[in-house]
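Notes to accompany the following structure.
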Amino acid sequence: MSLVAEAFMNQLAAAEPWPENAALYQQLKEDQILLSDNASSLAVQAFLQMCNLPVRVVCRANAEYMSPSGKVPFIHVGNQVVSELGPIVQFVKAKGHSLSDGLDEVQKAEMKAYMELVNNMLLTAELYLQWCDDVTVEEITHPRYGSPYPWPLNRILAYQKQWEIRRKMKAIGWAGKSLEQVLEDVDQCCQALSQRLGTQPYFFNKQPTELDALVFGHLFTILTTQLTTDELSEKVKNYGNLTAFCRRIEQQYFEGHDKDNSGTAAPRSAKRSLLR
(Lines give C-alpha, C1' and ligand atoms only; values in the text may rest on other atoms or scores of the structure.)
Protein backbone atom coordinates (compact mmCIF):
# COMPACT_ATOMS: atom_id res chain seq x y z
CA MET A 1 0.00 0.00 0.00
CA SER A 2 1.33 3.45 -0.93
CA LEU A 3 1.88 6.14 1.70
CA VAL A 4 -0.98 8.18 0.22
CA ALA A 5 -3.36 5.23 0.37
CA GLU A 6 -2.24 4.40 3.91
CA ALA A 7 -2.78 7.99 5.02
CA PHE A 8 -6.24 7.95 3.43
CA MET A 9 -7.14 4.73 5.23
CA ASN A 10 -5.91 6.19 8.52
CA GLN A 11 -8.10 9.25 7.99
CA LEU A 12 -11.10 7.02 7.37
CA ALA A 13 -10.35 5.04 10.51
CA ALA A 14 -9.98 8.24 12.54
CA ALA A 15 -13.38 9.44 11.39
CA GLU A 16 -15.07 6.34 12.82
CA PRO A 17 -16.22 6.48 16.47
CA TRP A 18 -14.63 4.22 19.06
CA PRO A 19 -16.47 0.89 18.92
CA GLU A 20 -17.90 -0.97 21.90
CA ASN A 21 -16.15 -4.19 20.83
CA ALA A 22 -12.57 -2.86 20.82
CA ALA A 23 -10.15 -5.53 22.04
CA LEU A 24 -6.68 -5.51 23.58
CA TYR A 25 -4.58 -8.62 23.04
CA GLN A 26 -1.89 -9.96 25.36
CA GLN A 27 -0.44 -13.33 26.38
CA LEU A 28 -2.12 -15.70 28.84
CA LYS A 29 -2.42 -13.87 32.14
CA GLU A 30 -2.02 -16.64 34.70
CA ASP A 31 0.58 -18.90 33.11
CA GLN A 32 2.51 -17.12 30.36
CA ILE A 33 2.83 -13.33 30.37
CA LEU A 34 6.10 -11.93 31.73
CA LEU A 35 6.75 -8.85 33.86
CA SER A 36 7.70 -6.49 31.02
CA ASP A 37 4.79 -7.43 28.75
CA ASN A 38 2.35 -7.31 31.65
CA ALA A 39 3.58 -3.81 32.51
CA SER A 40 3.25 -2.64 28.91
CA SER A 41 -0.24 -4.10 28.63
CA LEU A 42 -1.35 -2.49 31.88
CA ALA A 43 0.01 0.88 30.73
CA VAL A 44 -2.18 0.73 27.60
CA GLN A 45 -5.18 -0.40 29.65
CA ALA A 46 -4.65 2.52 32.03
CA PHE A 47 -4.32 4.97 29.14
CA LEU A 48 -7.59 3.80 27.56
CA GLN A 49 -9.35 3.96 30.92
CA MET A 50 -8.11 7.52 31.40
CA CYS A 51 -9.54 8.34 27.97
CA ASN A 52 -12.81 6.66 29.00
CA LEU A 53 -12.58 4.28 26.05
CA PRO A 54 -13.89 0.74 26.63
CA VAL A 55 -11.70 -2.19 25.66
CA ARG A 56 -11.99 -5.92 26.25
CA VAL A 57 -8.81 -7.74 27.27
CA VAL A 58 -8.28 -10.90 25.23
CA CYS A 59 -5.57 -13.36 26.27
CA ARG A 60 -4.00 -15.48 23.54
CA ALA A 61 -0.99 -17.78 23.76
CA ASN A 62 0.22 -16.52 20.37
CA ALA A 63 -0.49 -12.81 20.96
CA GLU A 64 3.18 -11.93 20.40
CA TYR A 65 3.06 -13.53 16.96
CA MET A 66 -0.30 -11.93 16.11
CA SER A 67 1.06 -8.42 16.75
CA PRO A 68 2.11 -6.40 13.68
CA SER A 69 5.29 -5.31 15.51
CA GLY A 70 5.89 -8.60 17.32
CA LYS A 71 5.27 -6.85 20.64
CA VAL A 72 2.32 -6.77 23.00
CA PRO A 73 -0.10 -5.39 23.71
CA PHE A 74 -1.93 -4.57 20.54
CA ILE A 75 -5.47 -3.33 20.05
CA HIS A 76 -8.01 -4.35 17.43
CA VAL A 77 -10.35 -1.44 16.73
CA GLY A 78 -12.67 -1.76 13.76
CA ASN A 79 -10.42 -2.94 10.94
CA GLN A 80 -7.30 -1.41 12.48
CA VAL A 81 -4.61 -3.24 14.47
CA VAL A 82 -2.16 -1.07 16.43
CA SER A 83 0.56 -2.23 18.81
CA GLU A 84 2.49 -0.60 21.68
CA LEU A 85 1.65 2.47 23.75
CA GLY A 86 3.19 5.18 21.54
CA PRO A 87 1.38 4.26 18.31
CA ILE A 88 -1.82 3.56 20.27
CA VAL A 89 -1.67 7.07 21.81
CA GLN A 90 -1.35 8.55 18.31
CA PHE A 91 -4.17 6.35 16.97
CA VAL A 92 -6.47 7.40 19.80
CA LYS A 93 -5.51 11.07 19.29
CA ALA A 94 -6.53 10.78 15.63
CA LYS A 95 -9.97 9.74 16.88
CA GLY A 96 -10.21 12.91 18.97
CA HIS A 97 -9.09 11.62 22.38
CA SER A 98 -5.95 13.07 23.99
CA LEU A 99 -4.70 13.31 27.57
CA SER A 100 -1.93 15.81 26.85
CA ASP A 101 -3.62 18.49 24.73
CA GLY A 102 -3.78 20.75 27.77
CA LEU A 103 0.01 20.82 28.14
CA ASP A 104 2.15 23.54 26.61
CA GLU A 105 5.10 22.69 24.36
CA VAL A 106 7.63 22.74 27.19
CA GLN A 107 5.49 20.40 29.28
CA LYS A 108 4.98 18.05 26.32
CA ALA A 109 8.74 17.89 25.79
CA GLU A 110 9.23 17.16 29.50
CA MET A 111 6.56 14.47 29.42
CA LYS A 112 8.24 12.76 26.47
CA ALA A 113 11.61 12.92 28.24
CA TYR A 114 10.23 11.16 31.30
CA MET A 115 8.53 8.55 29.12
CA GLU A 116 11.89 7.87 27.48
CA LEU A 117 13.42 7.55 30.94
CA VAL A 118 10.85 4.92 31.93
CA ASN A 119 11.33 2.95 28.71
CA ASN A 120 15.13 3.19 28.81
CA MET A 121 15.48 2.33 32.50
CA LEU A 122 12.47 0.48 33.93
CA LEU A 123 11.53 -1.50 30.83
CA THR A 124 15.16 -2.39 30.13
CA ALA A 125 15.65 -3.42 33.75
CA GLU A 126 12.60 -5.69 33.54
CA LEU A 127 13.96 -7.31 30.37
CA TYR A 128 17.39 -7.72 31.97
CA LEU A 129 15.92 -9.38 35.04
CA GLN A 130 13.76 -11.71 32.95
CA TRP A 131 16.38 -12.84 30.47
CA CYS A 132 19.84 -12.13 31.96
CA ASP A 133 19.45 -13.06 35.63
CA ASP A 134 20.11 -16.82 35.67
CA VAL A 135 17.90 -17.63 38.66
CA THR A 136 14.92 -15.72 37.26
CA VAL A 137 15.44 -17.24 33.80
CA GLU A 138 15.46 -20.78 35.17
CA GLU A 139 12.66 -20.46 37.75
CA ILE A 140 10.26 -18.03 36.06
CA THR A 141 11.04 -16.87 32.53
CA HIS A 142 11.62 -20.11 30.65
CA PRO A 143 8.75 -22.03 32.29
CA ARG A 144 6.25 -19.20 31.73
CA TYR A 145 7.33 -18.13 28.26
CA GLY A 146 7.16 -21.64 26.85
CA SER A 147 4.19 -22.85 28.92
CA PRO A 148 1.59 -23.00 26.10
CA TYR A 149 3.78 -25.15 23.88
CA PRO A 150 4.86 -28.82 23.99
CA TRP A 151 8.47 -29.95 24.45
CA PRO A 152 10.84 -29.29 22.71
CA LEU A 153 9.14 -26.25 21.12
CA ASN A 154 8.73 -24.61 24.53
CA ARG A 155 12.49 -24.71 25.11
CA ILE A 156 13.38 -23.65 21.57
CA LEU A 157 11.12 -20.58 21.65
CA ALA A 158 12.39 -19.56 25.10
CA TYR A 159 16.05 -19.84 24.05
CA GLN A 160 15.37 -17.91 20.83
CA LYS A 161 13.79 -15.09 22.81
CA GLN A 162 16.59 -15.14 25.35
CA TRP A 163 19.20 -14.87 22.59
CA GLU A 164 17.29 -11.95 21.04
CA ILE A 165 17.06 -10.02 24.33
CA ARG A 166 20.67 -10.70 25.34
CA ARG A 167 21.83 -9.48 21.95
CA LYS A 168 19.84 -6.28 22.55
CA MET A 169 21.37 -5.90 26.02
CA LYS A 170 24.84 -6.21 24.54
CA ALA A 171 24.04 -3.59 21.90
CA ILE A 172 22.93 -1.02 24.50
CA GLY A 173 25.72 -1.76 26.96
CA TRP A 174 23.70 -3.60 29.58
CA ALA A 175 25.06 -7.11 29.05
CA GLY A 176 28.03 -6.52 31.35
CA LYS A 177 26.01 -5.04 34.18
CA SER A 178 25.51 -6.85 37.46
CA LEU A 179 22.07 -7.21 39.03
CA GLU A 180 23.13 -4.71 41.69
CA GLN A 181 23.96 -2.13 39.02
CA VAL A 182 20.60 -2.68 37.33
CA LEU A 183 18.78 -2.25 40.64
CA GLU A 184 20.70 0.97 41.22
CA ASP A 185 19.53 2.22 37.82
CA VAL A 186 15.95 1.42 38.83
CA ASP A 187 16.43 3.33 42.08
CA GLN A 188 17.74 6.38 40.22
CA CYS A 189 14.79 6.26 37.83
CA CYS A 190 12.33 6.02 40.74
CA GLN A 191 14.06 8.91 42.47
CA ALA A 192 13.66 11.09 39.38
CA LEU A 193 10.00 10.13 39.03
CA SER A 194 9.35 10.71 42.72
CA GLN A 195 10.90 14.18 42.61
CA ARG A 196 8.86 15.11 39.52
CA LEU A 197 5.61 13.83 41.03
CA GLY A 198 6.14 15.48 44.42
CA THR A 199 2.83 15.93 46.22
CA GLN A 200 0.77 16.23 43.04
CA PRO A 201 -1.89 13.59 42.26
CA TYR A 202 -0.44 13.22 38.75
CA PHE A 203 2.82 14.17 37.06
CA PHE A 204 1.28 17.27 35.54
CA ASN A 205 -0.89 18.30 38.48
CA LYS A 206 -4.59 17.41 38.44
CA GLN A 207 -5.09 15.55 35.15
CA PRO A 208 -3.39 12.32 34.04
CA THR A 209 -1.41 12.05 30.82
CA GLU A 210 0.08 9.11 28.95
CA LEU A 211 3.11 9.48 31.24
CA ASP A 212 0.93 8.61 34.23
CA ALA A 213 -0.41 5.55 32.39
CA LEU A 214 3.10 4.39 31.48
CA VAL A 215 4.54 4.88 34.96
CA PHE A 216 1.55 3.18 36.57
CA GLY A 217 1.81 0.18 34.26
CA HIS A 218 5.43 -0.46 35.16
CA LEU A 219 5.42 0.44 38.85
CA PHE A 220 2.18 -1.37 39.66
CA THR A 221 3.39 -4.50 37.89
CA ILE A 222 6.75 -4.39 39.68
CA LEU A 223 5.00 -3.94 43.03
CA THR A 224 2.53 -6.78 42.54
CA THR A 225 4.44 -9.45 40.61
CA GLN A 226 6.00 -12.37 42.47
CA LEU A 227 9.66 -12.74 41.50
CA THR A 228 12.48 -14.83 42.97
CA THR A 229 13.32 -11.98 45.37
CA ASP A 230 11.68 -8.70 46.42
CA GLU A 231 14.71 -6.57 45.56
CA LEU A 232 13.07 -4.91 42.56
CA SER A 233 9.79 -4.07 44.29
CA GLU A 234 11.64 -2.79 47.36
CA LYS A 235 13.29 -0.12 45.20
CA VAL A 236 9.84 1.23 44.31
CA LYS A 237 8.51 0.91 47.88
CA ASN A 238 11.24 3.28 49.06
CA TYR A 239 9.25 6.11 47.48
CA GLY A 240 5.95 6.58 49.29
CA ASN A 241 4.49 9.03 46.79
CA LEU A 242 5.00 6.53 43.96
CA THR A 243 3.20 3.72 45.77
CA ALA A 244 0.41 6.14 46.72
CA PHE A 245 0.24 7.18 43.06
CA CYS A 246 -0.26 3.53 42.03
CA ARG A 247 -2.99 3.03 44.64
CA ARG A 248 -4.74 6.20 43.49
CA ILE A 249 -4.84 5.15 39.82
CA GLU A 250 -5.92 1.63 40.70
CA GLN A 251 -8.80 2.99 42.76
CA GLN A 252 -9.89 5.60 40.25
CA TYR A 253 -9.56 3.71 36.98
CA PHE A 254 -9.65 -0.02 37.75
CA GLU A 255 -11.51 -0.83 40.96
CA GLY A 256 -14.98 -2.10 40.12
CA HIS A 257 -14.29 -2.36 36.38
CA ASP A 258 -13.50 -6.09 36.51
CA LYS A 259 -17.22 -6.88 36.48
CA ASP A 260 -17.81 -4.79 33.37
CA ASN A 261 -17.11 -6.91 30.31
CA SER A 262 -17.09 -3.88 28.03
CA GLY A 263 -14.31 -2.23 29.96
CA THR A 264 -10.78 -3.01 30.99
CA ALA A 265 -10.45 -5.69 33.65
CA ALA A 266 -9.00 -4.72 37.00
CA PRO A 267 -5.26 -5.33 37.22
CA ARG A 268 -4.38 -8.65 38.81
CA SER A 269 -1.10 -10.21 39.76
CA ALA A 270 0.59 -13.18 41.33
CA LYS A 271 0.81 -11.23 44.59
CA ARG A 272 -2.20 -9.01 45.27
CA SER A 273 -3.85 -5.70 44.57
CA LEU A 274 -2.27 -2.72 46.31
CA LEU A 275 -5.67 -2.01 47.83
CA ARG A 276 -5.76 -5.20 49.84
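If you go through region 138-155 and keep only what is open to solvent by 10 Å² or more (accessible area, probe 1.4 Å) and among the β-branched types (Val, Ile, Thr), you end up with just Ile140. Comparison of Val92, Val81 shows that the only residue that is among the β-branched types (Val, Ile, Thr) and farther than 17 Å from Glu210 by Cβ is Val81. Scanning region 60-70 turns up no residue that is in contact (Cβ under 8 Å) with a residue 24 or more places away in the chain, under 21 Å from Tyr253 (Cβ atoms) and surrounded by 15 or more Cβ atoms within 10 Å (Cβ to Cβ). Listed conditions (1) at pLDDT below 95; (2) small (Gly, Ala, Ser); (3) over 27 Å from Glu30 (Cα atoms) are all met by Ala266, apart from (3).
How about region 54-70: which of its residues are under 13 Å from Leu28 (Cβ atoms) and assigned to a loop (DSSP other than H, G, I, E, B)? Within region 54-70, Arg60, Ala61, Asn62 qualify. Of the residues making up region 198-208, not a single one is open to solvent by less than 20 Å² (accessible area, probe 1.4 Å) and part of a helix (DSSP H, G or I). Scoring Ser100 on the criteria (1) in a helix (DSSP H, G or I); (2) outside the structural domain of Gly240 (by the TED database); (3) touching a Ser or Thr at 6+ places or on another chain (Cβ under 7 Å) leaves a single failure, condition (1).
Which members of region 115-158 meet the condition of being among the acidic types (Asp, Glu) and under 19 Å from the mean Cα position of the chain (by Cα)? Result: Glu116, Glu126.
Table: residues versus (1) surrounded by fewer than 17 Cβ atoms within 10 Å (Cβ to Cβ); (2) of a type in the set (D, E, K, R); (3) modelled with pLDDT of 95 or more.
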position: Val58; (1), (2), (3): yes, no, yes
position: Gly102; (1), (2), (3): yes, no, no
position: Ala125; (1), (2), (3): no, no, yes
position: Cys132; (1), (2), (3): no, no, yes
position: Val135; (1), (2), (3): yes, no, yes
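Quick grid of which residues meet (1) modelled with pLDDT of 95 or more; (2) surrounded by fewer than 17 Cβ atoms within 10 Å (Cβ to Cβ); (3) of a type in the set (Ser, Thr, Tyr); (4) outside any loop (DSSP other than H, G, I, E, B):
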{"site": "Val4", "(1), (2), (3), (4)": "no, yes, no, yes"}
{"site": "Val44", "(1), (2), (3), (4)": "yes, no, no, yes"}
{"site": "Asn52", "(1), (2), (3), (4)": "yes, yes, no, no"}
{"site": "Val92", "(1), (2), (3), (4)": "yes, no, no, yes"}
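Annotation: of all residues in region 18-38 being within 11 Å of the chain's Cα centre (by Cα) and either of a type in the set (Asp, Glu) or over 11 Å from Val72 (Cβ atoms) (or both), the one that is most open to solvent (accessible area, probe 1.4 Å) is Asp37.
The values are calculated or read from the model by the stated rules, or taken from the named source; none is laboratory data. Since the structure is predicted, the reported quantities are computational estimates derived from the model, not experimental observations. With ideal geometry, Cβ positions are generated from the backbone for all residues, glycine too; neighbour counts draw on all protein chains shown. For the accessible areas, the whole protein counts, side chains as well, though only heavy atoms, and no ligand, DNA or RNA atoms are used. Shrake-Rupley method; radii C 1.70, N 1.55, O 1.52, S 1.80 Å.
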